[in-house]
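A.B. asks: After the structure tokens below, expect a handful of questions from me.
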Ligand SMILES: [Zn+2]
């Protein structure tokens, strides 16, 4: 199997769990994605893949900063949006947000896929050793 290198690194590997970190193509460190592949503890035929990243509240109200009135209006617009999202989490237990992750070159995409395949193969291999 090809060595993984383009923006993806293996963080750690245990018998039933392997974790990678993938770097976003824009290089912003807050966009990094942690990928954990693990054997489901209760269902032996199930493999869990967990993606973790910081979700940054979209600055929905950015406009041209051409006047102090507009800057203040944008600031209050952002605060209103953040409060709305916080209230949704508080009262509903969830909110909808998206996080962008860029794989900007073919090699990055291939290495991302290779990381998932390697993790899956290692988890399956470790599971078969236990039998
Ligand atoms: Zn990014």
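A.B. asks: In the list 85, 127, which residue meets the criterion of being modelled with pLDDT of 90 or more, surrounded by 12 or more Cβ atoms within 10 Å (Cβ to Cβ), more than 16 Å from the ligand (Cβ to nearest atom) and at negative phi?
C.D. replies: It is 85.
A.B. asks: Filter the range 19-47 down to the residues that are in contact (Cβ under 8 Å) with a residue 40 or more places away in the chain and more than 16 Å from the ligand (Cβ to nearest atom), then identify the one that is farthest from residue 113 (Cα to Cα).
C.D. replies: 44
A.B. asks: If the requirement is being within 16 Å of the ligand (Cβ to nearest atom) and not in a helix (DSSP H, G or I), which of these qualifies: 109, 56?
C.D. replies: Matching residue, one of 109, 56: 56.
A.B. asks: Which is touching a helix residue (DSSP H, G or I) at 6+ places or on another chain (Cβ under 7 Å), modelled with pLDDT of 90 or more and in the same structural domain as residue 126 (by TED's automatic domain parsing), of 52, 20?
C.D. replies: Sole residue among the options that is touching a helix residue (DSSP H, G or I) at 6+ places or on another chain (Cβ under 7 Å), modelled with pLDDT of 90 or more and in the same structural domain as residue 126 (by TED's automatic domain parsing): 20.
A.B. asks: While we're on this one: Confirm whether residue 41 is within 23 Å of the chain's Cα centre (by Cα), more than 19 Å from residue 5 (Cα to Cα) and in a loop (DSSP other than H, G, I, E, B).
C.D. replies: yes
The values are calculated or read from the model by the stated rules, or taken from the named source; none is laboratory data. Since this is a predicted model, take the numbers as computed values, not measurements. Quick reminder, even Gly has a Cβ in these numbers, built from the backbone with ideal geometry, and neighbours come from all protein chains shown.
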